[in-house]
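The values are calculated or read from the model by the stated rules, or taken from the named source; none is laboratory data. Worth saying up front: this structure is predicted, and the values here are computed from it rather than measured. Cβ placement follows ideal geometry from the backbone for every residue including glycine, while neighbour counts extend to all protein chains displayed.
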Amino acid sequence: MPKSMQSPRLPRLSEDTLTAEQRALAESIKSGPRGQFRLAGPFAIFMHSPAFGELAQQLGGHLRFKTSLPPRLIEFATLCTAAHWKAQYEWAAHAVLGEKAGVKLETIRALQAGRPPKSAPKDELAIHAFVKELYATKRVSTPTFNRVKKILGDAGTVELVGVLGYYVLVSMLLNVFKAPLAEGVKPGFKET
């Protein structure tokens, strides 16, 4: 059986049988900036540890909807992270969101193929260099840092690193627990 078709590592939950803590988490997600709750992807995983899930979803909601970063750059950074981790569920969700937020389809395809997005706008190119360097060396050089800081400012640069960290967490959760893709959604990456 191909890895992408393997069973998830956590039992599937039903909204009908959620505990009080799980129902509270679902309601918190629905009443937050996302405006909806689906028992899928990272949220299905969060349900298995509702206290952790509440903290994680609040951080994610803040980083995705309440920072100084424009949605296009949040989605671009998320796609860079999903591609780095080959996080199938995250990629499938954010490729659509990224395109809606203004990330060019050509850029999305380059990231998916592991290529630099050469035709991307300068702000995306600066963030791509930042992300690649950070993930490869666990540090960011002064020139790379300064390029991003010039675009995003101090708060935006802090928020960018927060977005990257959050989506690394999400990528790890999705990969470790083998979050299934929605019916009919094709994997974005070949399994190794």
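Conditions tested, residue by residue: (1) buried (at least 16 other Cβ atoms within 10 Å of the Cβ); (2) at pLDDT below 95; (3) within 13 Å of the chain's Cα centre (by Cα).
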| position | (1), (2), (3) |
| --- | --- |
| Trp85 | yes, no, yes |
| His94 | yes, no, yes |
| Gly102 | no, no, no |
| Glu106 | no, no, no |
| Leu111 | yes, no, no |
| Glu133 | yes, no, no |
| Ser141 | no, no, no |
| Ser171 | yes, no, yes |
| Lys190 | no, yes, no |
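Just to be sure before I move on: is Leu79 over 19 Å from Pro8 (Cα atoms), touching a residue at least 24 places away in the same chain (Cβ under 8 Å) and part of a helix (DSSP H, G or I) in the structure I sent?
yes
Among the residues of the range 1-54, write down those that are closer than 19 Å to Ala87 by Cβ, part of a helix (DSSP H, G or I) and at pLDDT 95 or above.
Within the range 1-54, Gly41, Pro42, Phe43, Ala44, Ile45, Phe46, Phe52, Gly53 qualify.
Taking the stated definitions as given, is Gln88 in contact with an Asp or Glu (Cβ under 9 Å, 6 or more places away or on another chain), outside the structural domain of Leu59 (by TED's automatic domain parsing), in contact (Cβ under 8 Å) with a residue 60 or more places away in the chain and of a type outside the set (Ser, Thr, Tyr)?
Judged against the criteria, Gln88 is a match.
Being surrounded by fewer than 15 Cβ atoms within 10 Å (Cβ to Cβ) and either at negative phi or among the acidic types (Asp, Glu) (or both) is the filter here; which residues of the range 113-131 pass it?
Ala113, Arg115, Pro116, Lys118, Ser119, Lys122
Say we look at the range 62-76 and pick out the residues that are in contact (Cβ under 8 Å) with a residue 40 or more places away in the chain and not in a helix (DSSP H, G or I); which of these is surrounded by the fewest Cβ atoms within 10 Å (Cβ to Cβ)?
Ser68
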